[in-house]
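The values are calculated or read from the model by the stated rules, or taken from the named source; none is laboratory data. Model, not experiment: these values are computed from the prediction. Don't worry about glycine lacking a Cβ; one is built from the backbone with ideal geometry, like all the others, and counts go over all protein chains shown. SASA here: full protein model, heavy atoms, side chains in, ligands and nucleic acids out. Shrake-Rupley method; radii C 1.70, N 1.55, O 1.52, S 1.80 Å.
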Amino acid sequence: MLPSLSRPLQAAIIDLDGTLVDTLGDFHAALDAMLDALAQPRVPREVVESFIGKGSEHLIRSVLAHVGAPADLYQRGWDRYQDAYRGLNGRHAEVYAGVREGIAALRARGMRLACLTNKPGEFASDLLRLKGLAPDFERVFGGDAFARKKPDPLPVLKTCEALGTSPAATLVIGDSRNDAAAARAAGCPVLLVTYGYNHGQPVRAVDADGYVDSLADVPALLRD
Ligand SMILES: O=C(O)COP(=O)(O)O
Ligand SMILES: [Mg+2]
């Protein structure tokens, strides 16, 4: 057990992209459709991966800047991207190994679960439903649910409020420095998975209370 996780935890706030579901294929396919529609060159998977985690606006702006597209293409790009994503959500995405076991074990401990993502809420709820994960989460909040997104602590604090748990008793589990920074600033303990997207940087270099290779490894780190 890690010292920072020694308190009894009542809830967990879990990130979606890169933590529960590997959605890189969905992002890449929707961006390909957008770039084709804008007559811009496509970008490689690793470039897309490095931009995931800060919401759709950031992703689209970063990709358009990467290919050197004029800034006034943004609105058309946004519309095309949203249409494409809505049509393919979940098709090129897979639940990571260990996720279903980890979630079942946390629920068996009586922990309440919320999903908090920077992805638009509509896409997040649809994806969880398509992958059979929706019934596990009491609340689902997307990047458009609150005035600010992670790494700001606001969405984490609001999610704690919705669950009715204090930040100190609410574990955040994510895959990137955005999750860790938001959790730290909110006063929540935080674990990071080692398999997700962290802007092309090693996740173990991010300040967190621990790192897990699988969500199935989380319960062993918590106090009985
Ligand atoms: O950037 C996104 O849209 C998804 O980010 P997430 O890791 O918060 O789910
Ligand atoms: Mg993530």
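In region 1-47, what residues are within 15 Å of the chain's Cα centre (by Cα) and in a helix (DSSP H, G or I)?
Across region 1-47, the qualifying residues are L24, G25, D26, F27.
Go over the candidates A186, A182, A205 one by one and state the one that is without any contact (Cβ under 8 Å) to a residue 60 or more places away in the chain and within 15 Å of C115 (Cα to Cα).
Result: A182 is the single residue among A186, A182, A205 that is without any contact (Cβ under 8 Å) to a residue 60 or more places away in the chain and within 15 Å of C115 (Cα to Cα).
Looking at D136, D83, which one is under 26 Å from V212 (Cα atoms) and away from ligand 2 (no atom under 16 Å from the Cβ)?
D136 is the lone residue from the list that is under 26 Å from V212 (Cα atoms) and away from ligand 2 (no atom under 16 Å from the Cβ).
I need the full set of residues from region 65-77 which are more than 14 Å from F27 (Cβ to Cβ) and outside any loop (DSSP other than H, G, I, E, B), in order please.
Correct list: A65, A71, D72, L73, Y74, Q75, R76.
For the list (1) open to solvent by less than 20 Å² (accessible area, probe 1.4 Å); (2) at pLDDT 95 or above; (3) out of contact with any Leu (no Cβ under 7 Å at 6 or more places or on another chain), I need the number of the one condition that A162 fails.
It fails just one condition, (1).
Filter region 43-73 down to the residues that are more than 16 Å from ligand 1 (Cβ to nearest atom) and buried (at least 17 other Cβ atoms within 10 Å of the Cβ) and list them by number.
A69, L73
Quick check on region 23-39. Is at least one of its residues touching a strand residue (DSSP E or B) at 6+ places or on another chain (Cβ under 6 Å) and either under 19 Å from A181 (Cα atoms) or of a type in the set (S, T, N, Q) (or both)?
yes
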